1. Confirm whether residue 85 is closer than 25 Å to residue 282 by Cα and of a type in the set (A, V, I, L, M, F, W, C).
2. Can you tell me which residues in segment 255-274 are among the small types (Gly, Ala, Ser) and either open to solvent by less than 10 Å² (accessible area, probe 1.4 Å) or touching a residue at least 24 places away in the same chain (Cβ under 8 Å) (or both)?
3. Find the residue count for segment 197-246, including only residues that are polar (S, T, N, Q) and part of a loop (DSSP other than H, G, I, E, B).
4. Under 8 Å by Cβ, and 6 or more places apart or on different chains, what pairs join a residue from segment 300-318 that is touching a residue at least 40 places away in the same chain (Cβ under 8 Å) with one that is among the charged types (D, E, K, R) and open to solvent by 40 Å² or more (accessible area, probe 1.4 Å)?
5. Name the residues in segment 215-228 that are within 11 Å of ligand 2 (Cβ to nearest atom), open to solvent by 10 Å² or more (accessible area, probe 1.4 Å) and not hydrophobic (A, V, I, L, M, F, W, C), would you?
6. From the set of residues in segment 278-323 that are of a type in the set (Val, Ile, Thr) and over 19 Å from residue 242 (Cα atoms), which is nearest to the chain's Cα centre (by Cα)?
7. Check 81, 66, 87 and return the single one that is at pLDDT 95 or above and in contact with a helix residue (DSSP H, G or I) (Cβ under 6 Å, 6 or more places away or on another chain).
8. From 135, 124, grab the single residue that is touching a Pro at 6+ places or on another chain (Cβ under 9 Å), outside any loop (DSSP other than H, G, I, E, B), hydrophobic (A, V, I, L, M, F, W, C) and near ligand 1 (Cβ under 10 Å from one of its atoms).
Amino acid sequence: MKKHLVVLLFLFVPMAIYLLACNTQPTAKPNAGDDKKQAEDALLPTIDTSKIPNDSMGALIRYGRNLMLYTAYYIGPNGVNGKYLGNKMNCTNCHQDAGTKPFAFNLMQSHDEYPQYRAREAKVLTLAERVNNCVMRPGNGRPLPLGGREMVAFLSYFKWINSFVSEEQKYKGTKPLQVELMDRPASPTVGKELFVQHCQRCHGLQGEGLMEPDGTTFKYPPLWGMSAYQPGSSMHRVIKQAQWLKANMPYDSAKWFAPILSDAEALDLAAFVNDDIQHKRPSPATLDYPNAIEKAIDYAHPPFADTFSEASHKFGPYQPIIKYWKDKGWKPTY
Ligand code: HEC
Ligand code: HEC
């Protein structure tokens, strides 16, 4: 009799937990029509791939778009066109919809914005050099040759998507959504609970993601571990990641115009994902930012221009840091 009870418990407890977990999932499902309408209402630029020309320029634009979508296949560790990236992530994993989704590190205006002074290197970079930054970190790879077919294809594609941005659409959807900063530090402990609730079903309990059956790339990309982005990537910054999460995750339900996560939840989740005490990542070649006064305040790698600790830069609270900087007449970025 007792044995049966135990068996029943084994059956029912996980089932109850499963049902409870399902109940916490949002019921709203993404709807492409919805997206397009919201984008049009907000005057956000969108592209039309049927307008890619059928000439040699068009061939490069198409290849550039494919490089964004299928990066690992073409130039990943076993890339058919060259082995450049050190991991099997794709550019579109962060720059969603091949760099055209609003508030997903959107790249539609990047071609207009370079050459540009970059604080990380403390020099003016071309767009090609900026592409190589992402190839090296988060991509954990080695730079693409600047005049090679792959780089020319990336740039051709960026120029083409840029042509869909009208004068009145400038700077719309290209900067991340803002999150309201908290009075307390972002909490990896709270973030872990939220992760189990909202993220684990795709990214896995160990943040390992899910590889496609053919092994070329991920269906769900990894969030930490040796196959994920390194420290020193912008995605490793808690505020920056929270801004992106708010607009884009959970993947199947969040919309920039209808986020699932609250600002505090996005910050706590980003703190958990990016907690280096719990999670390993590949070592970056350099962390640079030669001028500490040009570091983003959530770029938590010393030396710092101020007196705040590494933990404060990492998790906050950020307002005291922002205030300190403003009082000094410096310009805090995050
Ligand atoms: C792990 C996430 C991630 C991946 C993967 C990734 N990037 Fe990025 N990328 C970022 C972040 C974060 C930024 C900075 C965005 C910001 O500051 O708002 C960025 C910035 C850029 C920029 C500069 C945009 C601008 O207008 O200043 C370019 C160009 C770029 N990435 C290209 C690529 C390419 C090409 C790939 C694939 C080889 C790639 N990225 C892969 C996260 C990623
Ligand atoms: C339904 C599955 C699903 C859920 C749930 C989900 N994600 Fe994702 N996530 C994805 C997919 C797919 C991508 C890649 C997006 C693309 O390629 O367009 C991604 C990309 C990411 C990335 C950037 C790429 C990387 O690997 O670094 C981060 C960070 C991330 N998710 C965090 C989260 C967090 C935190 C949650 C919980 C709030 C979450 N995700 C919930 C499917 C999911």
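The values are calculated or read from the model by the stated rules, or taken from the named source; none is laboratory data. These numbers were taken from a predicted model, which means no experiment stands behind them. FYI the Cβ positions are ideal-geometry reconstructions off the backbone, even for glycines, and counts take in every protein chain you see. Remember, those area values only see protein heavy atoms, side chains included, never the ligands or the DNA or RNA. Shrake-Rupley method; radii C 1.70, N 1.55, O 1.52, S 1.80 Å.
1. Working: closer than 25 Å to residue 282 by Cα: yes; of a type in the set (A, V, I, L, M, F, W, C): yes.
Yes.
2. Initially, segment 255-274 is screened for residues among the small types (Gly, Ala, Ser), giving 258, 262, 264, 266, 270-271.
Matches in segment 255-274: 258, 264, 266, 270, 271.
3. Total meeting the criteria: 6.
4. 300/310; 301/310; 316/184; 317/183; 317/184
5. Within segment 215-228, the first condition is being within 11 Å of ligand 2 (Cβ to nearest atom), and the residues that meet it are 217-225, 227-228.
Next, from what is left, pick out any that are open to solvent by 10 Å² or more (accessible area, probe 1.4 Å): 217-221, 223-225, 227.
Correct list: 217, 219, 220, 221, 225, 227.
6. Step one: filter segment 278-323 for residues of a type in the set (Val, Ile, Thr), giving 286, 293, 297, 307, 321-322.
Okay, now just the ones that are also over 19 Å from residue 242 (Cα atoms), so 286, 293, 307.
Details: 286: 20, 293: 24, 307: 29 Å.
Here the answer is 286.
7. Numbers: 66 fails: in contact with a helix residue (DSSP H, G or I) (Cβ under 6 Å, 6 or more places away or on another chain); 87 fails: in contact with a helix residue (DSSP H, G or I) (Cβ under 6 Å, 6 or more places away or on another chain).
Answer to the check: 81.
8. Values: 124 fails: near ligand 1 (Cβ under 10 Å from one of its atoms).
That would be 135, the only listed residue that is touching a Pro at 6+ places or on another chain (Cβ under 9 Å), outside any loop (DSSP other than H, G, I, E, B), hydrophobic (A, V, I, L, M, F, W, C) and near ligand 1 (Cβ under 10 Å from one of its atoms).
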